[in-house]
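Colleague: Once you've had a glance at the structure underneath, I'll fire off some questions.
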Amino acid sequence: RSGADVDVDQFESLIGCSCCSRQRARQGPEVEPMLPPDAWQNYPPAAPSGPRSLLRPRVFESIDLAPFVNPEKYDDAARLRSAQAWDRSFRTVGFAVVEGHGVADDLVEDMRTAARVFFQNTSDHKHRFYHGPKMTGRSGYSPVGAGRQEAGHSDPVEGYTFIRTPGPSKWNNPTEKHPEELNGIGQRYCDEMERVMHALHRMSAMALGLDMDYFDEFYADPASVLVISNYPPLRPPLKVPEGKLRYRAHSDYTGFTVLLQDENDFGEGGAGGLEVDIAGCWVPIKPKKGSLVVNIGDLFELWTNDRWRSTPHRVVSPRLRDPAAGRARLTAMLFSGPKLEKVISPIHTCVDAEHPSRYPAVSAAEHMKNMWTSKSKEARYKP
């Protein structure tokens, strides 16, 4: 309850012990999840619409992607260290933070600036790029409330989506027109995220005991989208009740999600932000400058035969009376997926006598349709 006298160390020793390392903030800011591998399957989900977590925000220890971005500069031992850390993180919490990705700071800041300029523009200007709630397979703008029309939810968020086109045009579909604020810089950022995605696949292949190029054939022409999300200030004209989530609890559906987190999550003024369901507890995740947050979607959980976890997550709001409620929140996410015609089944290195195959083969397109229809893990989080 607000204003209650809580011994946080005592509370975390009881509630947080199964979620994260017992390492405390006074011992350093980095906290590495310490669940045993595969233990996540034994815990019930966290409360779907409960209040923001009382646990201290965590800063995950970064995994170095550089040995897979610039392989000529590193040896196999360096790659193995990163791959083992990657495997451990996805077998425990299903989220990871990567550094050494090679995305220029200037590009990141330019993209953020361009996005803020677009979202601060007039509603009439933004709606020039709105193609209806279902988007009809086109890049464009989604206003606050579009989700209610399409899927029955009312998350207070607007966004701009770049949809990758099959074939050589990739992110530069000549038939699409983007707002001048985002045109050019948006596609450059998309290209960089796709480069990072391929490096993540090489690290994943080593982590799973596969040839480094294992995922190449599946992602030669990926079905990916990049979404820039703007969470407007929780002030009029936006009307939201106290405690409403900025984004509902859910899992992602396909491959890797590569997130550029808002740099102010759980910062000054009572800011909210990203929370992850770890062993039935909502754990707040602090951003780490220069790093990217990565999680897997439900398709990769199938692909790895439940060895890796597609972790539910949500975005919590500041209290309406706090200064942070007057600030917008901005994120950018690459939702990557294999070519839709590709057939996916549990990888052979994830199947043995103790871990028999749990899933039949399915095309990426059919899996996507099934997840969209069933709402996947989101359905478990309905109040």
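The values are calculated or read from the model by the stated rules, or taken from the named source; none is laboratory data. Everything numeric here is computed off the predicted structure, so don't read it as measured data. Here the Cβ positions follow ideal geometry from the backbone for every residue, glycine too, while neighbour counts run over all protein chains shown. Heavy atoms of the whole protein, side chains included, go into the accessibility calculation; ligands, DNA and RNA do not. Shrake-Rupley method; radii C 1.70, N 1.55, O 1.52, S 1.80 Å.
Colleague: If you go through region 352-371 one residue at a time, how many are farther than 22 Å from residue 223 by Cα and buried (at least 18 other Cβ atoms within 10 Å of the Cβ)?
Modeller: So the answer is 0.
Colleague: Would you call residue 172 modelled with pLDDT under 95 and under 22 Å from residue 104 (Cβ atoms)?
Modeller: Yes, satisfied.
Colleague: Please go through (1) part of a strand (DSSP E or B); (2) surrounded by 20 or more Cβ atoms within 10 Å (Cβ to Cβ); (3) modelled with pLDDT of 95 or more for residue 249 and return the number of the only condition it doesn't satisfy.
Modeller: Going through the list (1) part of a strand (DSSP E or B); (2) surrounded by 20 or more Cβ atoms within 10 Å (Cβ to Cβ); (3) modelled with pLDDT of 95 or more, residue 249 breaks only (3).
Colleague: May I pose another question? Return the residues of region 197-212 that are open to solvent by 30 Å² or more (accessible area, probe 1.4 Å), more than 18 Å from residue 66 (Cα to Cα) and either touching a Cys at 6+ places or on another chain (Cβ under 9 Å) or touching a residue at least 24 places away in the same chain (Cβ under 8 Å) (or both); say none if nothing qualifies.
Modeller: 209
Colleague: Between a first residue in region 346-370 that is aliphatic (A, V, I, L, M) and a second residue that is assigned to a loop (DSSP other than H, G, I, E, B) and surrounded by fewer than 16 Cβ atoms within 10 Å (Cβ to Cβ), which pairs have beta carbons less than 6 Å apart while being 6 or more apart in sequence or on different chains?
Modeller: From region 346-370, the pairs are 351/357; 361/345.
Colleague: So residue 342 clears everything in (1) surrounded by fewer than 23 Cβ atoms within 10 Å (Cβ to Cβ); (2) touching a helix residue (DSSP H, G or I) at 6+ places or on another chain (Cβ under 6 Å); (3) farther than 26 Å from residue 161 by Cα except one condition, right? Which one?
Modeller: It fails just one condition, (3).
Colleague: Turning to a different aspect of this structure: Could you check, for region 278-286, whether at least one of its residues is surrounded by fewer than 20 Cβ atoms within 10 Å (Cβ to Cβ) and part of a loop (DSSP other than H, G, I, E, B)?
Modeller: yes
Colleague: Just one of the numbered conditions (1) in a loop (DSSP other than H, G, I, E, B); (2) open to solvent by 10 Å² or more (accessible area, probe 1.4 Å) is not true of residue 215; which one?
Modeller: Failed condition: (2).
Colleague: Suppose we keep only residues that are open to solvent by 20 Å² or more (accessible area, probe 1.4 Å) and among the hydrophobic types (A, V, I, L, M, F, W, C) within region 56-71. Which one would you say is nearest to residue 285 (Cα to Cα)?
Modeller: In this case the residue turns out to be 59.
Colleague: Select from region 172-198 the residues that are hydroxyl-bearing (Ser, Thr, Tyr) and in a helix (DSSP H, G or I) and list them in ascending order.
Modeller: 189
Colleague: So, one more: Within region 72-101, restricting attention to residues that are of a type outside the set (D, E, K, R) and open to solvent by 60 Å² or more (accessible area, probe 1.4 Å), which residue is farthest from residue 285 (Cα to Cα)?
Modeller: Only one residue tops the list, namely 74.
Colleague: Looking at 97, 103, 144, which is the one that is in contact with a helix residue (DSSP H, G or I) (Cβ under 9 Å, 6 or more places away or on another chain) and either at pLDDT below 95 or in a loop (DSSP other than H, G, I, E, B) (or both)?
Modeller: 103
Colleague: I would also like to ask the following. For a quick check of your reading of the model, give me the residue pairs whose first member lies in region 171-196 and is open to solvent by 70 Å² or more (accessible area, probe 1.4 Å), whose second is in a helix (DSSP H, G or I), with beta-carbon atoms closer than 6 Å and at least 6 apart or on different chains.
Modeller: These pairs meet every condition: 172/187.
Colleague: Tally time: how many residues in region 109-143 are surrounded by fewer than 18 Cβ atoms within 10 Å (Cβ to Cβ) and among the aliphatic types (A, V, I, L, M)?
Modeller: Here the count works out to 2.
Colleague: Follow-up. Those residues that are at pLDDT 80 or above, in a loop (DSSP other than H, G, I, E, B) and not charged (D, E, K, R), I need them from region 33-67; list them, please.
Modeller: 53, 54, 55, 57, 60, 62, 65
Colleague: On to the next question. Could you list all residues from region 118-132 that are closer than 15 Å to residue 233 by Cα and in contact (Cβ under 8 Å) with a residue 60 or more places away in the chain?
Modeller: Matches in region 118-132: 119, 121.
Colleague: I'm told residue 270 meets every condition in (1) open to solvent by less than 10 Å² (accessible area, probe 1.4 Å); (2) on the phi > 0 side of the Ramachandran plot; (3) not hydrophobic (A, V, I, L, M, F, W, C) except one. Can you identify the failing condition by its number?
Modeller: Among (1) open to solvent by less than 10 Å² (accessible area, probe 1.4 Å); (2) on the phi > 0 side of the Ramachandran plot; (3) not hydrophobic (A, V, I, L, M, F, W, C), residue 270 violates only (1).
Colleague: Then there's this: Please enumerate the residues belonging to region 287-310 that are closer than 12 Å to residue 96 by Cβ, out of contact with any Ser or Thr (no Cβ under 7 Å at 6 or more places or on another chain) and part of a loop (DSSP other than H, G, I, E, B).
Modeller: 308, 309
Colleague: With 331, 349 as the choices, which residue is β-branched (Val, Ile, Thr) and surrounded by fewer than 22 Cβ atoms within 10 Å (Cβ to Cβ)?
Modeller: Criteria check complete, one pass: 349.
Colleague: Is one or more of the residues making up region 336-350 modelled with pLDDT of 95 or more, in a strand (DSSP E or B), among the β-branched types (Val, Ile, Thr) and more than 13 Å from the chain's Cα centre (by Cα)?
Modeller: yes
Colleague: Taking interchain pairs and intrachain pairs at least six residues apart, which have beta carbon atoms under 9 angstrom, with the first residue in region 241-261 and more than 24 Å from residue 322 (Cβ to Cβ) and the second aromatic (Phe, Trp, Tyr) and assigned to a strand (DSSP E or B)?
Modeller: Close Cβ pairs (under 9 Å, with a partner that is aromatic (Phe, Trp, Tyr) and assigned to a strand (DSSP E or B)) amount to 252/335; 253/335; 254/335; 255/335; 256/335; 257/335; 258/335.
Colleague: Between 329, 309, which is at pLDDT below 95 and either under 21 Å from the mean Cα position of the chain (by Cα) or of a type in the set (A, V, I, L, M) (or both)?
Modeller: Just one listed residue meets the conditions, 309.
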